[in-house]
Amino acid sequence: MAFHEVRFPANLSFGSVGGPERRTDIVTLANGFEERNTPWSQSRRRYDAGVGMRSLDDIERLVGFFEARQGQMYGFRWKDWSDYKSAPPSREVAYTDQVIALGDGASVTYPLIKTYRSGAAEYARRIAKPVQGTVRMGVQGDELQEGVHYEVDVTTGLVSFASPPLQDVEITAGFEFDVPVRFDTDRIATSVASFQAGEVPLVPVVEVRL
């Protein structure tokens, strides 16, 4: 997939509106009961990049970024300010934030995972775009050193260990991450007059699956 490893300006995405979406097929039966099914195993996120525009200079930066991506042609990184790290928003990233796997004594490569929980239910989200220099790893409660015990591919979210973690030991991780997205339009309509009057352009952005 055509993807540019560049982040949409974070100061422009701050204040944007968006979040996860699901697709659910609902059939109401004759007796009033429902049957529900989803063709999606993973959620997908949508945002509006136009909300973060605060000046004409911001509009110029947006248009420049849009043109460099050729509209919908190339994906890019997006910082979701409401959900961009393995820890709660009020905490710093720690290597114990997420249990991403149990070692099997043979595998040396594992994907980064963030798990969302509510009651007994949980959802494991694959993290494909960690932020360079933020990934911290631990095995069996001990923190490891990047470049010595493991390497991180920030373009895929895969962590490779120098030696395979032992059978059934917990592999933990902490990290910041971006969302892989693309523009969901091939057209940006701006007006100096309307922008000065408080109106901003609609610039839809949608997550892409990698």
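The values are calculated or read from the model by the stated rules, or taken from the named source; none is laboratory data. Fair warning: this is a prediction, and the values are worked out from it, not measured in the lab. All Cβ positions, glycine included, derive from the backbone under ideal geometry; neighbour counts span all protein chains shown. The protein model used for the area step is the full one, side chains on, heavy atoms only, and it has no ligands, DNA or RNA in it. Shrake-Rupley method; radii C 1.70, N 1.55, O 1.52, S 1.80 Å.
The set of residues in segment 63-85 that are of a type in the set (G, A, S), more than 23 Å from S191 (Cβ to Cβ) and open to solvent by 20 Å² or more (accessible area, probe 1.4 Å) contains only S82.
For D184, are the conditions met, namely being acidic (D, E) and within 30 Å of I59 (Cβ to Cβ)? It is true that D184 is acidic (D, E) and within 30 Å of I59 (Cβ to Cβ).
Take the conditions (1) modelled with pLDDT under 95; (2) among the small types (G, A, S); (3) out of contact with any Gly (no Cβ under 9 Å at 6 or more places or on another chain); (4) under 30 Å from D97 (Cβ atoms); G75 misses just one of them, which is (1). Within segment 2-22, the presence of a residue that is more than 15 Å from L202 (Cα to Cα), surrounded by fewer than 16 Cβ atoms within 10 Å (Cβ to Cβ), free of Cβ contacts under 8 Å to residues at least 12 places away in the same chain and out of contact with any strand residue (DSSP E or B) (no Cβ under 7 Å at 6 or more places or on another chain) is excluded. Among residues of segment 37-62 being loosely packed, with under 14 Cβ neighbours inside 10 Å and part of a helix (DSSP H, G or I), the one that is modelled with the lowest pLDDT is L56. Are any of the residues in segment 127-138 without any contact (Cβ under 8 Å) to a residue 24 or more places away in the chain and either under 30 Å from E92 (Cβ atoms) or surrounded by 19 or more Cβ atoms within 10 Å (Cβ to Cβ) (or both)? For segment 127-138, residues without any contact (Cβ under 8 Å) to a residue 24 or more places away in the chain and either under 30 Å from E92 (Cβ atoms) or surrounded by 19 or more Cβ atoms within 10 Å (Cβ to Cβ) (or both): present.
Could you tell me whether D153 is open to solvent by 30 Å² or more (accessible area, probe 1.4 Å), modelled with pLDDT under 95 and not basic (K, R)? Give the derivation first.
Details: open to solvent by 30 Å² or more (accessible area, probe 1.4 Å): yes; modelled with pLDDT under 95: no; not basic (K, R): yes.
Against the criterion (open to solvent by 30 Å² or more (accessible area, probe 1.4 Å), modelled with pLDDT under 95 and not basic (K, R)), D153 does not qualify.
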